[in-house]
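> Sending over a structure as structure tokens; questions will come in a sec.
The values are calculated or read from the model by the stated rules, or taken from the named source; none is laboratory data. These numbers come from a predicted model, not from an experiment. Cβ: placed from backbone, ideal geometry, glycine included. Neighbour counts: every protein chain shown. Side chains are part of the model used for accessible areas, which takes the heavy atoms of the whole protein and leaves out ligands, DNA and RNA. Shrake-Rupley method; radii C 1.70, N 1.55, O 1.52, S 1.80 Å.
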Amino acid sequence: MSDAPTSPLAHEEPETPIRVLVADDHPAVRAGLVALLEADPSTEVVAQADDGDAAVRHARAQRPDVALTDVRMPGATGIEITPALRGTGARVLVISAFDLDSYVLGALAAGADGYLVKTEEPRRILEAVHAVASGDAILSPAALRAVVAALRSVTPRDAPARDEPAPTPGPPPGVELTRREGEVLRLLADGMSNQQIARELVVEVTTVKTHITHVLSKLQVESRVQAALWWQRHRG
């Protein structure tokens, strides 16, 4: 497994265990993820699914904090079910054996809060679950490379190929961020966690979360990752 993850993200220790849904159609992989999560006293697996439709049903019934889902599954894919999973209030962490650009960008465009490849160290997967549960975003190095490559290559004239995800949308008309919202977005795009941003700006974590909520609404995006991509493309 790779031992070169992105910089660790600090996370807030939950007062109660993080409730996780695990969706993967490979029994051995799913069992490994479940065992990893159940060995951590701060996480609790509340449901398992072996296809996309089952994942959505379980998410609606159990209301997990985090949905850990594979990209390629029978029926609806992990990308296709991401909006429905987010609709239940869950943060979505996609984990896949594939680091193909179309999968990475498709997952992020659908609103995923993070994307990992299955070659990550187990500790990194746990860190990622904690990070997205606390409102942060996370990308494996391979996923980050795909995003950077896409940002460098996509031009306004480019059109996505059939069955490929559309590029990150341009700035919504009339976007006006306050000075502090712009600061928070810049630090978020630099990969800082909520706690790190709070320390940098000398404010409370709850204040940072409020600013991020406003930023997401103004940019008309679903996740921190999408907001970071917007910044890198339009303001970075």
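> Please work out which residue is nearest to residue 26 (Cα to Cα), limiting yourself to segment 37-92 and to residues that are touching a Gly at 6+ places or on another chain (Cβ under 9 Å) and of a type in the set (Lys, Arg).
72
> Would you check which residues across segment 37-74 are in contact with a Lys or Arg (Cβ under 9 Å, 6 or more places away or on another chain) and closer than 18 Å to residue 130 by Cβ and list them?
43, 44, 45, 46, 64, 65, 66, 67
> In segment 36-149, which strands (runs of 3 or more DSSP E) lie fully inside it and hold 3 or more residues that are farther than 30 Å from residue 197 by Cα?
Result: 43-49.
> Out of segment 79-98, which residues are in contact with a helix residue (DSSP H, G or I) (Cβ under 6 Å, 6 or more places away or on another chain), surrounded by fewer than 24 Cβ atoms within 10 Å (Cβ to Cβ) and under 15 Å from residue 133 (Cβ atoms)?
Result: 88, single match.
> Name the residues in segment 179-236 that are open to solvent by 40 Å² or more (accessible area, probe 1.4 Å), closer than 16 Å to residue 111 by Cα and of a type in the set (Lys, Arg), would you?
218
> Using the structure shown, decide if residue 162 is out of contact with any His (no Cβ under 6 Å at 6 or more places or on another chain), of a type in the set (D, E, K, R) and at pLDDT 85 or above.
Working: out of contact with any His (no Cβ under 6 Å at 6 or more places or on another chain): yes; of a type in the set (D, E, K, R): yes; at pLDDT 85 or above: no.
So residue 162 fails the test.
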